[in-house]
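What follows is calculated from the coordinates using simple rules that are stated; it is not laboratory data. Please read these numbers as outputs of a predicted model, since none were measured by experiment. For neighbour counting, all protein chains shown are included, and Cβ atoms are generated from backbone atoms with ideal geometry for every residue, glycine included.
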Amino acid sequence: MSFKTLNLSEPVLRGIQAAGYSDPTPIQLRAIPLVLGGGDVIGSAQTGTGKTAAFALPILHRLGRHGKARVLVLEPTRELAAQVETAFHDFARFTDLRTVAIFGGVGYGRQREELRRGVDVIVATPGRLMDYLKDGSINLKDLEVLVLDEVDHMLDMGFLPIVRDIIGRCPRERQTLLFSATVPPEILAIASFALRNPSRIEVGVNRSVNESVTHAMYPVGYAQKFDLLLALLERTDFDSVLVFSRTKHGADKIARKLKAANHSVAVLHANRSQNQRLEALAGFKSGKYEVMVATDIAARGIDVAGVSHVINYDVPEKPEDYVHRIGRTGRAQAVGDAFTIVTPENEQDIRDIQRFIGAKIPELKLEGFPYGPYEPRPERLPQPQGQGRRHGGGGGGGDRFSRGGRGRR
């Protein structure tokens, strides 16, 4: 089935084509007709399955021509707000509809100027939006569609009280769309407050790993973690690599050491300025940086096409974050590889993750990197069969995944 069969307007279809989209994904096939119908929707799907287009395309179709501020999309982070606004802008390029991204970390001047010019779609983070609501720069009286995106992340960040306040300022007669990778009971409570008789869409299993991602763990002693990271980068053919650290300090330290090893590296975490964060993302997307080291701020919804590999330098604290992290590769039905560096201290974390996803994580080993003599080595798991992308390297013990990309430069 093509996008043409979904009865979208010609300008929107041209925008889809110009943005490089081909056929709709399962979440788009199910969500677009429901959003076009005007009813409330709760949508949940694995990360990287095209949730943004699932609500942006039918919204733009329904808006038609430029008018008043009729659509509000709430996002938990600045990066997501900028990214989703860019998607709306790209899809609407053959219309006269106007969009604006509202988020903190930057000055108010340009955002106020855009609002004064008149916009149809506001994509905002909760805190900065409340600033404009309180001073009267934004009025929601003409709102027709409210989108609550990445709501599970908003819950994690403590935004739900302010989100309730914003919902209370919206007209009662509106369409409300809630999209989230997972829908725990706390989010269903928000849904009962904000939505009326919503249709429910679930695509894939909330706790599962995207089938297009081959994932594995590499056990090593703690003192050899960084050496193993370097070895993985040296023995892997990659297009771009996203490395996850648990802490901001850790991300900075990893980046410094990678730069010293002649890797081109970007850093993304909450202590970076907005300009630094935007430059890091832009440089990573363009290929200026081959590696981006990030905290979990980048795990939720950041859409960087072509991330061939994810490496968990630190095992995530929450099992669900494992799914979000490795979902940064293998997006939009592409393939990807995800490695997790595991030390003996992570034994319980790995058990929790495997219980959460309902599967064993295959264990691989690089020659020269023992698990560590101070704890017994866990029982070795069977090697995955039929993956087709692993080949030997480094003289007998060097498993690696190859994509035929540019590799180390």
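Would you mind computing, in nm to one decimal, how far apart the modelled labels at residue 282 and residue 66 are, each placed 7 Å from Cα along Cα→Cβ? Label at residue 282, label at residue 66, 2.4 nm between them.
If you find the alpha carbon centre of the stretch 216-257 and of the stretch 54-129, how far apart are they in angstrom? About 36 Å separates the Cα centre of the stretch 216-257 from the one of the stretch 54-129. Peptides 193-199, 313-319 ranked from most to least packed give 313-319, 193-199, packing being the mean of other C-beta atoms within 10 angstrom over each peptide's residues.
Measuring r between the beta carbons of residue 257 and residue 356 and using R0 = 30 Å, the FRET efficiency lands at 0.45.
Rounded to 0.05, the FRET efficiency of the residue 19 and residue 347 pair, given R0 = 35 Å and the Cβ-Cβ distance, is 0.20.
Phi-derived couplings, Karplus 6.51 cos²θ - 1.76 cosθ + 1.60 at θ = phi - 60°, listed residue by residue for the stretch 63-76: 5, x, 10, 4, x, 9, 6, 10, 10, 10, 10, 9, 10, x Hz, with x used for Gly and Pro. With the simple model of a label 7 Å out from the Cα in the direction of the Cβ, residue 186 to residue 199 spans 2.9 nm. Under 5 Å between amide hydrogens, built in the peptide plane, is the criterion, and for residue 342 it picks out 218, 220 among residues at least 5 positions away or on other chains. Candidate cross-link partners of residue 253 among the lysines, defined by an alpha-carbon separation under 24 Å and a same-chain spacing of 8 or more, comprise 225, 285, 288, 318. Here the Karplus curve 6.51 cos²θ - 1.76 cosθ + 1.60, taken at θ = phi - 60°, turns the phi angles of the stretch 279-291 into couplings of 5, 4, 5, 4, x, 5, 5, 7, x, 4, 10, 7, 10 Hz, with x standing for Gly and Pro.
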